[in-house]
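Have a look at the structure below, then the notes.
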Amino acid sequence: MPTSSEPQSTSGQPVVLAIDVGGTKIDAAVLGADGQLRSRKQILTQADAAVGLFDRLTGLIDSVLADSVLADSVLARSSVAPEVIGVGCGGPMTMHGQTVSPLNIPQWREFPLLERLQQQYQLPTFIDNDAKALARAEGWMGAARGEANYMAMVVSTGVGGGIVLNAKLLDGREGNAGHIGHVIVEPFGRDCVCGARGCLEAEVSGAAIAEFTGQPAKYASTEIRRRSGLLVGRAVSSVANLLDLRLAVVAGSVALGFGDDFFLAAQAEADRSARLGFSAGLQIVPSGCEGRGPLLGAAAVGLAGLAAQS
């Protein structure tokens, strides 16, 4: 049964311009009503300091829109322009993305992303935290389909999460609920970009691993891969014990790239640490969205925003 964390149906839904803003790359796509990508492109977030990031973002969007029209022409299909923009962006942010301050994008501090996109494209625009957007995607077309209670998280350049309880995605006071990357997992651990010490993000994110090993996370040793999984399992178990959950879906280039070393260690820690009657049996599983999760999530943010207005 569909939950309020996901689009209610794919029938008759508008075409969506979906944007995923991350610390390493920005991905954009035009998605049809069935969630299939009609066109897709990406840029590196920090590739050209001489050009403002928002200008580079609009250049990416314009290119994706042009490709979508071309694809329709090649397929002899009528071109349908996007009717809504959905964005998943790293946090923190103020409610609905009025301003965004991604920890891994230092040039954006209280950046008015919502207003700027609406002014540029004159379309209804909806923004949420990228990991909360992923939670929508997993409930819509991924590993949490049909589930009313679960969390989804991203372990990539940074670490974030989104939580669905009783079929509703949690927002919190300013829209930042689920920020599992700043659960303390090592009290005397590494300094975190948030200002605290020993946060999950400071220990297992791609940026953190690159900093303390001196090379990209994809080259991490088996020991680091397993330790990362263990710490994620520790954090997820705490959340499961707190919120009465038995499912956590994990995505992101670090987690998925680390593969079995990561997920077996995470599950073993969950088996050790989630022991209450309601949390025992907690499952930590990979994303079921096959690499489309962030964009499906951004699209779901846009569709949910439109639905709330109707």
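The values are calculated or read from the model by the stated rules, or taken from the named source; none is laboratory data. Keep in mind that this is a model prediction, so the values were computed, not measured. All Cβ positions, glycine included, derive from the backbone under ideal geometry; neighbour counts span all protein chains shown.
The set of residues in region 154-167 that are within 19 Å of the chain's Cα centre (by Cα) and either over 20 Å from Val249 (Cα atoms) or not small (Gly, Ala, Ser) (or both) comprises Val154, Val155, Thr157, Val159, Ile163, Val164, Leu165. I'd like to know if region 168-177 contains one or more residues that are in the same structural domain as Leu60 (by TED's automatic domain parsing), farther than 14 Å from Val249 by Cβ and free of Cβ contacts under 8 Å to residues at least 12 places away in the same chain. There is no residue in region 168-177 that is in the same structural domain as Leu60 (by TED's automatic domain parsing), farther than 14 Å from Val249 by Cβ and free of Cβ contacts under 8 Å to residues at least 12 places away in the same chain.
When region 27-47 is filtered for residues that are closer than 15 Å to Cys289 by Cα and part of a loop (DSSP other than H, G, I, E, B), the ones remaining, listed by number, are Asp34, Gly35, Gln36.
Kindly evaluate Gly291 against the criterion of being surrounded by fewer than 23 Cβ atoms within 10 Å (Cβ to Cβ) and in a helix (DSSP H, G or I). The answer is no for Gly291.
Could you count how many residues in region 223-251 are touching a residue at least 40 places away in the same chain (Cβ under 8 Å), in a helix (DSSP H, G or I) and closer than 28 Å to Leu165 by Cα? Before the answer, list the steps.
Pass one, region 223-251, residues touching a residue at least 40 places away in the same chain (Cβ under 8 Å): 225, 228-229, 231-240, 243-251.
Adding the requirement that they be in a helix (DSSP H, G or I) leaves 225, 228-229, 231-240, 243.
Add one more test, that the residue is closer than 28 Å to Leu165 by Cα, and what stays is 228-229, 231-240, 243.
So the count comes out to 13.
Residues that are over 25 Å from Pro112 (Cα atoms) and charged (D, E, K, R) were ranked within region 3-62; the one that is modelled with the lowest pLDDT is Glu6. Kindly indicate whether any position in region 222-233 is touching a Phe, Trp or Tyr at 6+ places or on another chain (Cβ under 6 Å), basic (Lys, Arg) and on the phi < 0 side of the Ramachandran plot. Yes: one or more hits.
This table checks each residue for (1) within 14 Å of the chain's Cα centre (by Cα); (2) modelled with pLDDT of 95 or more; (3) buried (at least 20 other Cβ atoms within 10 Å of the Cβ).
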residue: Gly172; (1), (2), (3): no, no, no
residue: Ile180; (1), (2), (3): yes, yes, yes
residue: Ile209; (1), (2), (3): no, yes, yes
residue: Ile224; (1), (2), (3): no, yes, no
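Scanning region 211-222 for residues that are in a helix (DSSP H, G or I) and polar (S, T, N, Q), which turns out surrounded by the most Cβ atoms within 10 Å (Cβ to Cβ)? Give the steps one after another, and end with the answer.
Initial filter on region 211-222 (in a helix (DSSP H, G or I)): 211-213, 217-219, 222.
Next cut, polar (S, T, N, Q) only: 213, 222.
On the way: Thr213: 13, Thr222: 9.
Checked region 211-222; the qualifying residue surrounded by the most Cβ atoms within 10 Å (Cβ to Cβ) is Thr213.
Every condition in (1) more than 19 Å from Ile163 (Cα to Cα); (2) touching a Ser or Thr at 6+ places or on another chain (Cβ under 9 Å) holds for Gly214 except the one numbered (2). Condition check for Ala307 on (1) at pLDDT below 95; (2) assigned to a loop (DSSP other than H, G, I, E, B): one failure, at (2).
If I filter region 192-203 for residues that are assigned to a helix (DSSP H, G or I), out of contact with any His (no Cβ under 8 Å at 6 or more places or on another chain) and either small (Gly, Ala, Ser) or surrounded by fewer than 23 Cβ atoms within 10 Å (Cβ to Cβ) (or both), do I get at least one hit? Yes, region 192-203 contains a residue that is assigned to a helix (DSSP H, G or I), out of contact with any His (no Cβ under 8 Å at 6 or more places or on another chain) and either small (Gly, Ala, Ser) or surrounded by fewer than 23 Cβ atoms within 10 Å (Cβ to Cβ) (or both).
Return the residues of region 91-129 that are of a type in the set (Val, Ile, Thr), outside any loop (DSSP other than H, G, I, E, B) and within 25 Å of Ser310 (Cα to Cα); say none if nothing qualifies. Write out each step before concluding.
In the first step, residues of region 91-129 are kept if they are of a type in the set (Val, Ile, Thr); the result is 94, 99-100, 105, 125, 127.
If we keep only those that are outside any loop (DSSP other than H, G, I, E, B) too, we end up with 100, 125, 127.
Thr125, Ile127 - these are the residues of region 91-129 that are of a type in the set (Val, Ile, Thr), outside any loop (DSSP other than H, G, I, E, B) and within 25 Å of Ser310 (Cα to Cα).
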